[in-house]
Amino acid sequence: MSAPLTPSERALLVGKAQAKFSAIRVDFPPQTSAMAILDELRIAALYRSPGAACGAAMIVAPHGAGKSEAVKGLDRILRGNAAEGQIPLLHVEIDTAGTTDSVPTSILQALGAPRPEAGSEKTRWPRALAEIERMGVELIVFDEFDRAARRPTMSAPIANIIRQKIMDAGVAPVAFVGSERANNVLAQVPQLRERITDSVDLSPMRWTFKGDQELFLAFVKDLDQAMVETGLVDCEAGLCEESIAYPLWQASDGSLRRICNIVQHAMSTALREDRSFVSRQDLMEAVDGYAISNGFGSHNPFHGGNA
């Protein structure tokens, strides 16, 4: 019989398992559809007429719906096929400052340029555009675009400057990604809104909608299987069984991020207790320890069910 693990050994075991869990990639059709729409936007720009303006798309959904993961998924694919040093997809996070001045700075930061804040807005834009061309950027994604709504007087100017400097100039197509507040920003610029040819629905899955329920059950089943296939646990937890699936959906509100965080929390509990399987009790405690403690509800739907 092997000796019990020391606290540091246990921490190493659990930490590595958490990293392996985070690396799991489960196919989720709405995310795959989002990736395809973004890639179609990129390809359409490559084949546009010389001098033609570039188009745009939008992904607007609540936090935790899988928007950024869709962008990162496409980025991984494109980088895998890109020339050395090329950045085909530029993933830009809008700065919390929410000003037109911050847009070229955010672009330069995403490109890894030294001293991205150096100079005035007037000098940063030419520098940013030159770097975009030099790095072979084919699609620019502005993530966290809802931050542009934090200063209402700046929302329209930020959207307009992106349209003028990037889309109208034929630099690259643009995708706007953010929570529902991003819609408020885009609604203020009809000239830009009319140019958005595609949008993606990544709303949380609803149990009462048959298609959403099927998506949810398929996702948790694949996640359950992936945990076994990667060696995190020895057997499946039965995440797609109704006695677990329905309360898991209730606790997560159908949000991809919350589903994964609850399951990861439960897995960590099992490993700390030297078990190679996730139980319903682990999931119940994960809802208390993660979801409810972080304000994602006040009732644990696993309480009162069959153990």
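All of the numbers you see were taken from the coordinates with simple rules; none came from a lab. Fair warning: this is a prediction, and the values are worked out from it, not measured in the lab. Note that we place each Cβ from the backbone using ideal geometry, even for glycine, and neighbour counts take in every protein chain shown.
So, R0 is 35 Å and r is the distance between the beta-carbons of Ala52 and Ala130; what FRET efficiency does that work out to, to 0.05? For Ala52 and Ala130, the calculated efficiency is 0.95.
Using the Cβ-Cβ distance between Ala19 and Ala83 with R0 set to 30 Å, the FRET efficiency works out to roughly 0.50. With the simple spin-label model, which puts each label point 7 Å out from Cα in the Cβ direction, the Ala156 to Ala187 separation comes to 1.4 nm. Here the Gaussian network model covers the chain, with springs between Cα atoms less than 10 Å apart; of Arg257, Arg124, Arg48, Arg48 fluctuates the most. Working ranking of peptides 7-14, 243-250 by packing, defined as the average number of other Cβ atoms within 10 Å per residue, highest first, is 243-250, 7-14.
Among DSSP beta bridges lying fully in the chain, give the percent that are antiparallel, nearest 5. Can you show the working numbers first?
Numbers: 0 of 17 bridges.
Around 0 percent of the beta bridges assigned by DSSP in the chain are antiparallel ones.
Once you divide the Cα radius of gyration of region 205-292 by 2.2 N^0.38 Å, the number left is 1.01. Under the shape rule built on the C-alpha gyration tensor, where the axes satisfy a ≥ b ≥ c, region 29-200 is rounded, since a/c falls short of 1.5. Fully extending the segment from Ser120 to Glu93, taken as 0.36 nm per residue of separation minus the present Cα-Cα distance, adds 7.8 nm. For the chain, adding -39500 (n - 2.57) for each run of n ≥ 4 DSSP H residues and dividing by the number of residues yields -15000 deg cm²/dmol at 222 nm.
Shape verdict for region 79-145, please, from the Cα gyration tensor: rounded (a/c under 1.5), prolate (a/b greater than b/c) or oblate.
Numbers: a/c = 2.42, a/b = 1.49, b/c = 1.62.
Here region 79-145 falls in the oblate category.
Based on C-alpha pairs under 8 angstrom that are at least 6 apart in sequence, the chain has a relative contact order of 21 percent.
Evaluate Rg over Rh across the chain, taking Cα atoms for both radii and Kirkwood's formula for Rh. Let's see the in-between values first.
Values: Rg = 22.1 Å, Rh = 21.3 Å.
Expressed as Rg/Rh, it is 1.04.
Full extension of the chain between Arg272 and Glu180 yields a length gain of 29.3 nm, computed as 0.36 nm times the residue separation minus the alpha carbon distance.
When the chain is treated as a GNM with alpha-carbon contacts under 10 Å, the residue of Val228, Val174, Val103 showing the greatest mean-square fluctuation is Val228.
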